[in-house]
Amino acid sequence: MYLEIITPEKLLFEGDITIIKLPGTLGYFEIMQNHESIISTLMQGKIKVKETNGIITYFEIKGGLVEVSNNEVKVLVESEDHTNI
């Protein structure tokens, strides 16, 4: 599954992932391979990304939007801080 995380200033992340956990308006939710197409708003919280190589990265966001279609995930966020684990 391919992911892009974008702020108004820059592209924060792009690459292949196995799973992403997002802070949705109604609570956290996860997206995996072959997920149905969706568009959802995001609240302040942490995005957790697990890359295909096993690296886990967290992005702290203030809010945004996610769109999922055909195993492509696009996340538009207001701002972020991130750490790798």
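Across the chain, Cα pairs under 8 Å and at least six residues apart give a relative contact order of 30 percent.
Reducing region 37-64 and region 1-24 to their Cα centroids gives an inter-centroid distance of 6 Å. With an a/c value under 1.5 for the gyration tensor axes a ≥ b ≥ c computed over the alpha-carbon atoms, the chain is described as rounded.
The slack between N71 and I38, meaning 0.36 nm per residue of separation minus the straight C-alpha distance, is 10.8 nm. Please say if region 35-74 is rounded, prolate or oblate, where rounded means a/c under 1.5 for a ≥ b ≥ c the square roots of the C-alpha gyration tensor eigenvalues, and otherwise the choice is prolate for a/b larger than b/c and oblate otherwise? Cα axes put region 35-74 in the oblate bin. Phi-derived couplings, Karplus 6.51 cos²θ - 1.76 cosθ + 1.60 at θ = phi - 60°, listed residue by residue for region 69-77: 7, 6, 6, 10, 10, 10, 10, 9, 10 Hz, with x used for Gly and Pro.
Run through region 27-74 and list the GluC sites (Glu not before Pro) located in a DSSP loop whose Cβ has at most 11 other Cβ atoms within 10 Å. The qualifying sites are E36. For K21, the aspartates and glutamates whose Cα falls under 20 Å of its own Cα, not counting residues fewer than eight places away in the same chain, are E4, E30, E36, E51, E60, E67, E72, E78, E80, D81.
Given N53, G27, N70, which one lies farthest toward the positive end of the charge dipole of the chain, if we put +1 on the Cβ of every Lys and Arg and -1 on the Cβ of every Asp and Glu? Selected residue: G27.
Read-outs: derived from the displayed coordinates by stated rules, not from any lab. This is a predicted model, so every value here is computed, not measured. A quick note on method: Cβ atoms are made from the backbone with ideal geometry, for glycine too, and the neighbour counts reach across all protein chains shown.
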